[in-house]
Amino acid sequence: MSKTKKARKPRYESPHHAHIGRLMTLVGYFGLLLLIINWFSWIAPPEQVPRSLTIAGLAIPLLFPLRGIIHARRYTHQWVGFLSMLYFIIGVDVWFNQQAIEQLLGMSMVLFSLLLMVGSSMYSRYTPTPPELRKPVEDK
């Protein structure tokens with residue numbers, strides 16, 4: 001059997017969809033960061049663990065992609081969606097296992113993490129691949 005390589009389908013690039021994805025990413029990212037800082041500082045601080053430890057444990061991982069998010073780097077948007085799933089899990093846990101105000105905070109965390117994930121996926125899907133990363137298609 002001979003293997004024939006099919007020509008790659010060109011990537012569909014849409015600046016409009018990429019812009020919407022970028023806005024969703026920024027709202028989700030900065031909303032999540034502000035929510036965590038406000039939640040564990042003033043709204044409902046933890047009673048058994050120091051505030052600084054909780055804030056550091058949840059906010060510091062969000063600071064790693066900050067530069068790439070601000071500069072609209074496609075690669076950062078590609079992997080930040082995986083990071084958002086950690087906050088999605090925490091939000092769902094708080095939403096279903098806490099009372100009153102913390103349920104609302106859990107719902108907010110779920111909303112912001114989903115915005116971050118969907119927005120970053122949209123942005124990385126609808127932006128063009130940089131020329132140095134494109135692989136040429138071999139013709140036979």
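Tabulated values for the structure
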read-out	value
Matching residues, segment 21-38, being within 18 Å of residue 128 (Cα to Cα) and surrounded by fewer than 15 Cβ atoms within 10 Å (Cβ to Cβ)	23
Answer residue from segment 49-75, given it is among the charged types (D, E, K, R) and either closer than 12 Å to residue 124 by Cβ or touching a Phe, Trp or Tyr at 6+ places or on another chain (Cβ under 7 Å) (or both) and is surrounded by the fewest Cβ atoms within 10 Å (Cβ to Cβ) among those	51
Exclusive hit being buried (at least 16 other Cβ atoms within 10 Å of the Cβ), at negative phi, at pLDDT 95 or above and over 12 Å from the mean Cα position of the chain (by Cα), set 108, 113	108
From 99, 78, residue being of a type in the set (S, T, N, Q) and closer than 26 Å to residue 126 by Cβ	78
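Here's the yes/no breakdown for (1) of a type in the set (Val, Ile, Thr); (2) out of contact with any Ser or Thr (no Cβ under 7 Å at 6 or more places or on another chain):
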site: 59; (1), (2): no, yes
site: 70; (1), (2): yes, yes
site: 77; (1), (2): no, no
site: 80; (1), (2): yes, no
site: 84; (1), (2): no, no
site: 91; (1), (2): no, no
site: 103; (1), (2): no, yes
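The values are calculated or read from the model by the stated rules, or taken from the named source; none is laboratory data. What you are looking at is a predicted structure, and each value in this text was computed from that prediction instead of being measured. Positions of Cβ are backbone-derived with ideal geometry, glycine not excepted, and every protein chain shown enters the neighbour counts.
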